Structures are given as C-alpha cells and as structure tokens.
Amino acid sequence: MATVLDHLILDHDRLRNLLALFERELACCERGDAADHQLMHDIAQHYSEYFNRVHHPLEDRMFEDLIGHGMPRLLGAEQALTEHAELIAGTGLLRARLDEALHDQPVSRAALIEAARDYIDLNLAHMRHEEQTVFAWARDRLDEVDWAAVNQWQESITNNPPDAKYTALLKSELDAYMTATP
C-alpha cells in the first residue's frame, strides 16, 4: 500500500545525511576555514537533479490526491506544494553562489552562508512538516486504488534515474563521512 510513501521517507533520510555532510562544510566556511565548495555544489546539483526532478513531482502527485480527498488545509498539502517551488528557487540561488565561489568570482561569504543556511533550514522544516502531517494523513486516508495510481506515477518518473556520476560521488563522500563520524 504505502510503498511510495516508504520510498519518500527513505529519500528524506538520505537527504538528511547529505545535509549533514553539507552542514559540515558550511561550518568550515562559517569559521573561515577552507570548505569543500565542490562537494557542496555537488550536493546541491544532486538535489536539483533528483529531488526537483523525481522526488518532488512524486510528492506533488500524491499531495494532489490528498487535496482531492479533502485533506484539511491546516494539515498543509498545499503548503508543501508551495514549499517545493521555494526549494527549487533556494537551490538555484545556492548553486549560483557556489558556482561563483568555485570559479573564483567575487562572492560575499555572508551571502553564501545565508543561502546555504536558508537551504538547510527550509529543507529540514519541509521534511519535518511532510512526515509529521502530510505523510501521516496520506497513510490513513489513501486507499489501494489511490496508492496504485501513485505507484504507477512513481514508475513513470523513476525510470530515468539521476546521473550516475553524482550518485557515485555522493555515495563515496557520504560513506567517507559516515565512517569518520563517531
């Protein structure tokens, strides 16, 4: 029944791991130490390619079904849909700042840190909201027919996975980070 929902939650867990890696580099930047801007850029790139192309469209499809099933406005499926647009814009701004840093263009450290903090904070708040309210409501309200439609939609958009080079790079970086962290 909730295979798609379980997949979305797993995506959130993986994103939290990537955000922890991203946050480690951001902390270096905030202290004035050398940060791995390439890694930060690669994480934002992966986000653009996977979350904005696969994960969020799948959630959007599910949220539209929830709205059609009378999900109360207060529980926020519409809010989550709006946040997806904000996340796309925030990722674009962050990538622009990181591109500037990577190409030795003048970039305000404060502007880079602000874009990165906004990116992290919005992502974490967004995932928390989805998991605590929207996903819980979906699990209780959508029936087998609804889940079958969402599963079919998932198959149509996940047949074209994100670029393997980013997946491999992020996996190796994340593996190194996770083994180095106590």
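Odds and ends about this structure:
- Pairs, first within 20 Å of residue 151 (Cα to Cα) and assigned to a loop (DSSP other than H, G, I, E, B) in region 1-24, second hydrophobic (A, V, I, L, M, F, W, C) and at pLDDT below 90, C-beta under 6 Å, six or more apart: 1/147
- Extreme residue, farthest from residue 30 (Cα to Cα), among residues of region 105-131 that are hydrophobic (A, V, I, L, M, F, W, C) and without any contact (Cβ under 8 Å) to a residue 60 or more places away in the chain: 125
- Lone unmet requirement of (1) of a type in the set (Gly, Ala, Ser); (2) free of Cβ contacts under 8 Å to residues at least 40 places away in the same chain; (3) crowded, with 20+ Cβ neighbours inside 10 Å for residue 44: (2)
- Against the list (1) loosely packed, with under 15 Cβ neighbours inside 10 Å; (2) hydrophobic (A, V, I, L, M, F, W, C); (3) more than 16 Å from the chain's Cα centre (by Cα), the condition residue 20 fails is (3).
- Set side by side, the residues 131, 83, 100, 114 differ, and just one is crowded, with 19+ Cβ neighbours inside 10 Å and within 28 Å of residue 40 (Cβ to Cβ), which is 83.
The values are calculated or read from the model by the stated rules, or taken from the named source; none is laboratory data. The structure displayed is predicted, hence computed values, not measured ones. A quick note on method: Cβ atoms are made from the backbone with ideal geometry, for glycine too, and the neighbour counts reach across all protein chains shown.
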